[in-house]
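Report on the following structure.
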Amino acid sequence: MWLTVFGCTAGIVLVFFTVLTYFLCIRFLKFEKPGDGIRSPGGHDFMCDTADGCRIRGEVLVPRKPSGTTVILSDVPHGAELARMLLAEGIAVIRYQGRGYRDSGRPGTWGIREARDLRLIYTTIANREPDVCRNIGTIGRETGAAAALLHACMDDRVRFVIAISPYADLTDLTKRHLRDKGFPAFPLLQMCRMICRMTAGADIAKASPVSEIRARGGLMKVPVLLISEQSNAKIPAAEVRKTAEALKGPVRVEVLAESFGKPVADSSGTENFRNWMLETIGQSVSL
């Protein structure tokens, strides 16, 4: 009888903490994917499969007069508007949908495996468009920004990174979120990591660009532009500052008063972002 009572009590407690973990942690970790489509008139489609069976579909957009610079857009909202802006400057654009998108076959992993996916995309495009990809870098937002920074730590071909609202360490960010909600990290964080390993096959403890940057000793000569969004309550400015402190070399930190999630063409900060972006890319060309 006592074993039955104990088992029922343990089951109720487990269900309670699982539900609490879902609403406090798992939903918090579900960063929204832009999902604005990838097909554009004049784009050259490409497709590649990762070692773990994720299917990546994308397109390569080449300007009429290529400058030799290519930008990969990683989870950037309204990528079509940004692509037009870059193409007008003679910069080729790679847009893609992979891990975490419909039909990819694999869930998102908060930038962990997405960083390796970027390395595969770099290789695929460099073999296909060698003349276009002499100077190549990545623009990403949130998980895409984290993936871009993690990728730059493992691939010397990366010439520049523009990271919009990157998180420095996802475990610390989740702990801060729990504290702000009035809950202790234990045991919710441990349950969250367990659920993530079971559902996505990845541990959020590895989603830490700042740890990888420090282990590498900074990104050295790679120009990095870090952009903090004042209206992005999910990723506070402290995360961007923490990443900037870990970087060594030409790092620049800027602040957007509004969310980058708005259409680029209608944003009052479009001109500022355009100037920051082109200055960073120009800096990479001169190195």
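Which of (1) in contact with a Cys (Cβ under 9 Å, 6 or more places away or on another chain); (2) modelled with pLDDT under 95 does Leu178 not meet, given it meets every other one?
Tallying (1) in contact with a Cys (Cβ under 9 Å, 6 or more places away or on another chain); (2) modelled with pLDDT under 95, Leu178 fails exactly one: (2).
Name, by its number, the condition in (1) in a helix (DSSP H, G or I); (2) not assigned by TED's automatic domain parsing to the domain that holds Phe160 that does not hold for Ala244.
(2)
Using the structure shown, decide if Gly249 is surrounded by fewer than 15 Cβ atoms within 10 Å (Cβ to Cβ) and assigned to a loop (DSSP other than H, G, I, E, B). Steps first, please.
Numbers: surrounded by fewer than 15 Cβ atoms within 10 Å (Cβ to Cβ): yes; assigned to a loop (DSSP other than H, G, I, E, B): yes.
Judged against the criteria, Gly249 is a match.
Starting from residues that are modelled with pLDDT under 90 and not small (Gly, Ala, Ser), keep the ones in region 233-255 and report whichever is farthest from Gly140 (Cα to Cα).
Ranking the candidates gives Lys248 first.
Here are Arg159, Arg216, Arg179, Arg141: which of them is assigned by TED's automatic domain parsing to the domain that holds Arg106 and surrounded by fewer than 18 Cβ atoms within 10 Å (Cβ to Cβ)? Reasoning before the result, please.
Working: Arg159 fails: surrounded by fewer than 18 Cβ atoms within 10 Å (Cβ to Cβ); Arg179 fails: assigned by TED's automatic domain parsing to the domain that holds Arg106; Arg141 fails: surrounded by fewer than 18 Cβ atoms within 10 Å (Cβ to Cβ).
One residue alone meets the criteria, Arg216.
Which numbered condition trips up Lys221, out of (1) among the basic types (Lys, Arg); (2) within 18 Å of Phe31 (Cα to Cα); (3) not in a helix (DSSP H, G or I)?
Single failed check for Lys221: (2).
Is region 225-233 home to any residue that is part of a helix (DSSP H, G or I), small (Gly, Ala, Ser) and touching a residue at least 60 places away in the same chain (Cβ under 8 Å)? Before the answer, list the steps.
Of all residues in region 225-233, those part of a helix (DSSP H, G or I) come to none.
No - not one qualifying residue is present in region 225-233.
The values are calculated or read from the model by the stated rules, or taken from the named source; none is laboratory data. Computed from a predicted model, the values in this text were never measured in an experiment. Positions of Cβ are generated from backbone atoms using ideal geometry, with glycine treated the same way; all protein chains shown enter the neighbour counts.
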